[in-house]
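Quick one: the structure is below, and I'll ask about it shortly.
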Amino acid sequence: MKSPIYYKTKKITLNVLIHLFLISVAVSCLFPLVWMIFASFKTQDTIFKDAALIPKVFHFENYYLAWVKGGFGRYFLNSIFYTVSVVIGIVIISSLAAYAFSRLQFPGKNLLFVMFLVAMMIPIPGSFVALYILLNKLHLRNTPAGYILCMINVGLSTSIFLLKTFFDKMPKELEDAARIDGCTKFGIWWHVALPLSKPVLAVVVIFNALNVWNEYILALIIFDSKGFMPLQVALQTFQGEFVTNYPLLMAGLTITVLPIVLVYLFMQKYIIKGVMQGAVVG
Amino acid sequence: MRLKSTLENYLFILPAVVIFFIFYVIPFLWVFQLGFYNWDGILPTKTFVGLGNFKDIIFNDPSWWRSIRNAGFITFIALTLQNALAFLLAWACDRQIRLKNFYRLIFFIPPILSELVVGMVWGFIIRDNPQGAGLINRGLVALGLPNLVRGWLSDKSTVLTTVALIHSWKGFGWGFLIFLAGLQTIPRELYEAAKVDGANAWQSFTKITIPLMVPVVVLAAILTVLGTMQAFVLIIGLVGGEFAGHASVPVLRILASMRYSSRFGYACSQGIIFGVILIVVSFMQYRFSKKARQG
């Protein structure tokens with residue numbers, strides 16, 4: 001019979017090992033971000049030569065230069081504009097459709113809904129080729145409107161599916177009450193259904209916002225003019241031009257990443273829950 | 001009155017359906033149509049070539065099959081290494097452990113970053129002076145292993161492995177959350193009952209955890225394959241291009257057909273072939289898992 005101390009030591013050792021493992025992975029997750037942020041305060045001469053992680057002198061002016069001279073201020077506003085427009089578009093269009101698919105009657109309803117579902121599941125690699133041609137024909141290439149419409153379409157199917165699932169489970173009493181009070185269908189959608197679906201809308205908003213902010217390939221093929229480019233494409237072109245000013249590029253990368261990380265930290269509850277619930281349902 | 005009401009109902013779905021038809025259905029049909037033509041994307045004339053593009057891709061385009069093999073290699077690493085790491089981490093976090101929420105928060109940071117940013121930052125960390133900080137090689141020298149030093153991203157024999165590892169770093173957080181969600185659905189009573197019956201930790205892991213996790217593992221595997229086979233922006237950020245084919249993947253080939261050789265029809269045929277491959281592979285995985293579950 002082994003002594004209780006043996007078991008206790010064994011348990012503590014196991015726990016220490018598990019934590020060491022978890023912490024080392026966590027450090028690897030944070031390291032590139034930390035390295036990038038410190039590098040953004042270094043100078044062109046020392047940025048890669050200097051083995052020390054933390055610079056001796058912090059060059060805050062890199063951010064001013066990146067924002068103004070590097071054009072990242074413009075690209076940042078472009079990214080904000082695209083993200084906000086696409087998310088607003090998706091929320092309104094997908095919630096209208098999802099409400100209809102859940103509550104209203106019209107011929108062809110099931111067929112249309114199945115089409116959205118199928119679109120969600122079929123992968124079309126290289127669909128950007130056809131979108132390029134389409135936008136050319138519609139004279140929407142190299143325009144913000146063309147990009148925004150494409151990105152609304154990208155998020156539409158999944159958002160409709162999420163919202164319809166939610167509306168299906170929503171009790172009908174409130175809507176009945178609103179109808180008796182003389183509310184129109186659009187009034188019920190706006191005053192009753194939308195406010196009730198806030199938890200799901202949060203998931204729709206966050207995931208679509210992340211998706212637009214991080215999108216690269218469509219922006220690459222749609223925009224020729226630098227003035228329209230969002231951050232992701234601008235970062236890549238910045239690197240190709242002239243002799244790359246690395247500290248400015250690091251500042252640009254930080255400007256690109258920081259909003260995402262901040263949103264994630266504030267909304268982590270919805271993001272992590274969204275993924276985990278999706279996993280259990282799927 | 002009823003007609004008016006039905007028309008009103010159609011108004012709800014009208015915007016979604018219009019956008020869906022213009023930006024999904026029409027491009028989808030065009031891909032299939034253009035796959036049978038040669039077209040440079042500019043001139044109004046297209047030449048019908050029938051199955052010519054498909055034949056060329058299947059029989060005369062080694063660079064295409066090489067890109068599929070490369071993507072297959074990255075996917076293999078993601079399926080094994082990345083998902084094993086994700087499972088281990090999830091299993092470690094599924095117990096009464098401190099800082100559980102902290103770990104969960106941190107592990108999902110790489111997945112929320114864009115592939116391009118992840119590629120670029122890791123590229124600067126890995127590449128040697130003067131294009132990067134060369135931290136891995138510096139670390140190897142510091143550890144007294146200078147013979148392991150190499151150009152991780154500039155050597156054609158290591159570039160694909162480096163890409164696969166960084167891809168796994170970016171992706172394991174998804175698997176981690178999916179596995180953790182799965183593990184949390186297993187009732188604790190099962191483990192306690194097994195303990196009472198004298199089972200040790202390993203036995204309850206193989207007899208309870210593994211069998212109950214099969215559906216979750218299959219889901220994670222299908223998502224990993226679909227996601228990894230189609231990944232390409234990470235390579236643009238990390239390597240800067242296809243590296244003469246050493247780091248090419250199918251979507252980069254499609255992009256090259258369209259942008260650099262202006263062969264729009266060919267690009268569409270490549271897209272169709274690749275789409276079919278993806279559908280067949282995920283269907284096979286699904287069937288295989290069904291069989292495995294039935295024993």
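Which condition does A:GLU215 not pass, out of (1) within 24 Å of the chain's Cα centre (by Cα); (2) touching a residue at least 24 places away in the same chain (Cβ under 8 Å); (3) assigned to a helix (DSSP H, G or I), if it passes all the others?
(3) is the only condition that A:GLU215 fails.
Could you list, ordered by first residue, the pairs with Cβ atoms under 6 Å in which the first is in the range A:126-155 and more than 10 Å from chain B (Cβ to nearest Cβ) and closer than 17 Å to A:MET229 by Cα and the second is part of a helix (DSSP H, G or I) and of a type in the set (Val, Ile, Thr), at least 6 apart or interchain?
Pairs that qualify, where the first residue is more than 10 Å from chain B (Cβ to nearest Cβ) and closer than 17 Å to A:MET229 by Cα and the partner is part of a helix (DSSP H, G or I) and of a type in the set (Val, Ile, Thr), are A:ARG141/A:ILE222; A:TYR147/A:ILE222; A:ILE148/A:VAL86.
Now a separate question. Evaluate the following for B:PRO111: is it touching a residue at least 60 places away in the same chain (Cβ under 8 Å), farther than 22 Å from B:ALA244 by Cβ and more than 7 Å from chain A (Cβ to nearest Cβ)?
Here the answer is yes, as B:PRO111 does meet what is asked.
Enumerate the helices (runs of 4 or more DSSP H) found wholly within the range B:185-282, keeping only those where 1 or more residues are more than 9 Å from every other protein chain (Cβ to nearest Cβ), surrounded by 14 or more Cβ atoms within 10 Å (Cβ to Cβ) and among the small types (Gly, Ala, Ser).
Hits in the range B:185-282: B:188-196, B:201-204, B:210-229, B:250-259.
From the list B:ALA193, B:ALA267, which residue is modelled with pLDDT of 90 or more and closer than 23 Å to A:ALA119 by Cα?
Of the residues listed, the single one that is modelled with pLDDT of 90 or more and closer than 23 Å to A:ALA119 by Cα is B:ALA267.
Now for a different question. Do you know which residues across the range B:70-99 are at the interface with chain A (Cβ under 8 Å from one of its Cβ atoms), without any contact (Cβ under 8 Å) to a residue 40 or more places away in the chain and assigned to a helix (DSSP H, G or I)?
B:LEU88, B:ALA92 - these are the residues of the range B:70-99 that are at the interface with chain A (Cβ under 8 Å from one of its Cβ atoms), without any contact (Cβ under 8 Å) to a residue 40 or more places away in the chain and assigned to a helix (DSSP H, G or I).
When the residues of the range B:1-41 are narrowed to those that are more than 9 Å from every other protein chain (Cβ to nearest Cβ) and either of a type in the set (Val, Ile, Thr) or under 16 Å from A:SER94 (Cβ atoms) (or both), which ends up surrounded by the most Cβ atoms within 10 Å (Cβ to Cβ)?
Checking each candidate, the answer is B:PHE21.
What helices (runs of 4 or more DSSP H) lie completely within the range B:100-153 and have 1 or more residues being closer than 29 Å to A:ILE272 by Cβ?
Answer list for the range B:100-153: B:100-107, B:109-112, B:115-126.
Follow-up question, since we're still on this one. Taking into account only those residues within the range B:283-295 that are open to solvent by 10 Å² or more (accessible area, probe 1.4 Å) and of a type in the set (Gly, Ala, Ser), which is farthest from A:MET250 (Cα to Cα)?
B:GLY295
The values are calculated or read from the model by the stated rules, or taken from the named source; none is laboratory data. In this text, all values refer to a predicted model and were calculated from it rather than measured experimentally. In this analysis, Cβ positions are derived from the backbone assuming ideal geometry, glycine residues included, and neighbour counts consider all displayed protein chains. Note: areas computed on protein heavy atoms with side chains; ligands, DNA, RNA excluded. Shrake-Rupley method; radii C 1.70, N 1.55, O 1.52, S 1.80 Å.
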